[in-house]
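The values are calculated or read from the model by the stated rules, or taken from the named source; none is laboratory data. Owing to the predicted nature of the structure, the values given are computational and were not obtained by experimental measurement. Reconstructed Cβ throughout: ideal geometry from the backbone, glycine too, with neighbour counts over all protein chains shown. Accessible surface areas use protein heavy atoms only, side chains included; no ligands, DNA or RNA. Shrake-Rupley method; radii C 1.70, N 1.55, O 1.52, S 1.80 Å.
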Protein chains: 2
Amino acid sequence: MSLFDDETRLEPGPEGRWTGHVHPAWNIGTNPNGGYLMSLAMSAMGRLVPQHPDPLSITAHYLRPGSADVACEVEATVIRSGRSLSTARATLAQEGKPRLEVVAALGALGEPGAARLTVPAPEIPPPEACVGRSGAQQGIELPILERIEVRLHPREARAGEAGRAQVTGWIRLRDGREPDSHAAVLFADAFPPAIFGLLGVVGWVPTLELTVHVRRRPAPGWMLGRFRTRDLVDGRMVEDGMLWDSRGELVAQARQLALVRAPG
Amino acid sequence: MSLFDDETRLEPGPEGRWTGHVHPAWNIGTNPNGGYLMSLAMSAMGRLVPQHPDPLSITAHYLRPGSADVACEVEATVIRSGRSLSTARATLAQEGKPRLEVVAALGALGEPGAARLTVPAPEIPPPEACVGRSGAQQGIELPILERIEVRLHPREARAGEAGRAQVTGWIRLRDGREPDSHAAVLFADAFPPAIFGLLGVVGWVPTLELTVHVRRRPAPGWMLGRFRTRDLVDGRMVEDGMLWDSRGELVAQARQLALVRAPG
């Protein structure tokens, strides 16, 4: 059992409710990472529709910050279940207060055919020639780096230095567990905010909403991510990301709406 | 009262339920347009949180095709209401069957400051030098063109001719009603599928899920949209779009997951 699987495991309760624990090892500063909270919600959905383990499209709205090292309750419901697709929603609550609302279309990704259209992976230096993500880059403690290893393109690894809102790098789980569609969703919220390359040290950038489309199951090994912000106005940004697997195949597309509190 | 406002108006029923009518004038073929169904759901949300009229982030999952010229029932709930942001969800049902599930973060977009980052509008010929969207382009009847006028870039107006999955053009409501944040969401699903420029006549391209981020309220006049698909595999595509107002300001970003049934 991997730490990721172990720390997103839920115990069944009555009538579509599950209970779990929000482990502090996945924190950004003192707040649980949004991708990790989404993984807890996905865990409940996976129990409801085991025939459809892959989130083809998943959206989380973050209602309040999560609380680290506190129990959570997930209430999940299947809205519609079809042959090739199920739609489900879930609410994750802690201490009686809902923290996120998730809705997803789930399916079973097979071995895909050749892509009619796709986006090739960018070429960047290998992981050993990249720079580890660190809390210092962002001006915040990053306990999550105990669980996820992120290695950034050397030209995009220092706050304010790239001169543009783009970050590219490698990512994997530290415990050696290979990526799957759930890990791809987790990885969509595990890079530094792309905006840090432009604005400098930005601290915590709270996600209001995150949507991930998983396009195929990843091959084993490192995944490669590129995240970019082209749209920041009135302290709210849209960040786009893509994740590729070790064979260079496009695995996921992601977009989030987030608050930027830094001087901008 | 405009036709758009009139045909998305709901009557209040008991306890967070509203009733309305799905007007056939918004059809794509014999199916109600997805953006129009989303507008009906937004109409209920607008009643629940009148202080937050603008969808900052809205996601719809399409569970089953809607039925044209049939009544609908919308059940909407506020999940969380804060000072600057409310989160709500809604289910639109017809004949007892849920057709779409919507979740949104709503706020009040003021007069924005200068964008720190933005995407400029593409330059294309003026509306009178563009080509009206027609059913013939797509191989399908388009009653929706009675309500929405779409004028496409002359080089992107014929199926299979552009050689790439991109469509750019002007859009407005035919009745002269000026655009607002709700119309921007509607317009995010009112262009021909971008893929038609590459694959040729594609017929109906059913949306599985559509997410729109509204970034500012549009100025009066035509809006300009550009939609692109860079990712099509196993009959499912991700289409990205942007909409600008008549001053060239970025108003909305959109992304949808859709089924492509045409030869690909």
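The Cα center of region A:49-114 and the Cα center of region B:171-212 differ in position by 27 Å. Ignoring ligands, DNA and RNA, what percent of the 1.4 Å accessible area of region A:49-92 is carbon and sulfur? Using a 1.4 Å probe with all protein chains present, region A:49-92 comes out at 46 percent carbon and sulfur. Using the Stokes-Einstein relation with a Kirkwood hydrodynamic radius computed over Cα pairs, the translational diffusion coefficient of chain B at 10 °C and a viscosity of 1.306 mPa s comes to 86 µm²/s.
Here's how it looks for A:ILE148: its modeled amide H is under 5 Å from those of A:ARG174, which are all 5 or more places away or on a different chain. Taking both sides together, the accessible area buried where A meets B is about 4500 Å² for a 1.4 Å probe. Label point of A:ASP5 (7 Å along Cα→beta-carbon): distances to the other copies' equivalent points are 5.7 nm, sorted ascending.
Where does helix A:34-48 land angle-wise versus the long Cα axis of chain A, in degrees 0 to 90, nearest 10? The helix A:34-48 is inclined about 30 degrees to chain A. Sorted shortest first, the separations between the B:PRO154 label point and its copies elsewhere in the assembly read 5.1 nm; each point sits 7 Å from Cα along the Cα-to-Cβ line.
Counting from the shortest, the label point at B:ALA115, 7 Å from Cα toward Cβ, is 2.6 nm from the same position in each remaining copy. Considering only B:SER43, B:SER181, B:SER81, the mean-square fluctuation computed in a Gaussian network model of chain B, springs between alpha carbons under 10 angstrom, is largest for B:SER81. When the Gaussian network model of chain A links Cα atoms closer than 10 Å, the mean-square fluctuations of A:ARG164, A:ARG226, A:ARG116 top out at A:ARG116. The residue among A:GLY169, A:PRO122, A:GLY29 whose Cα reaches farthest toward the positive pole of the charge dipole of chain A, with charges on the beta-carbon of Lys, Arg, Asp and Glu, is A:PRO122.
Burial here means at least 30 square angstrom less accessible surface with every protein chain in place than with the chain by itself, probed at 1.4 Å; in region B:106-121 the buried residues are B:ARG116, B:LEU117, B:VAL119. Could you check which residue among A:ASP54, A:ASP240, A:ASP69 shows the biggest mean-square fluctuation in a GNM of chain A with a 10 Å Cα cutoff? Between A:ASP54, A:ASP240, A:ASP69, it is A:ASP69 that shows the largest mean-square fluctuation.
Please say if region B:1-129 is rounded, prolate or oblate, where rounded means a/c under 1.5 for a ≥ b ≥ c the square roots of the C-alpha gyration tensor eigenvalues, and otherwise the choice is prolate for a/b larger than b/c and oblate otherwise? Because a/c hits 1.5 or more and a/b fails to exceed b/c, region B:1-129 counts as oblate.
Using Cβ point charges alone (K and R +1, D and E -1), the dipole size of the protein assembly as shown about the Cα centre works out to roughly 660 debye.
What 222 nm value per residue comes from the helices of the protein assembly as shown, counting each DSSP H run with n ≥ 4 as -39,500 (n - 2.57) and dividing by all residues, nearest 500 deg cm²/dmol?
-3000 deg cm²/dmol
In order along region B:163-168, phi translates into HN-Hα couplings of x, 8, 8, 9, 9, 10 Hz, rounded to whole numbers, per the Karplus curve 6.51 cos²θ - 1.76 cosθ + 1.60 with θ = phi - 60° and x for Gly and Pro.
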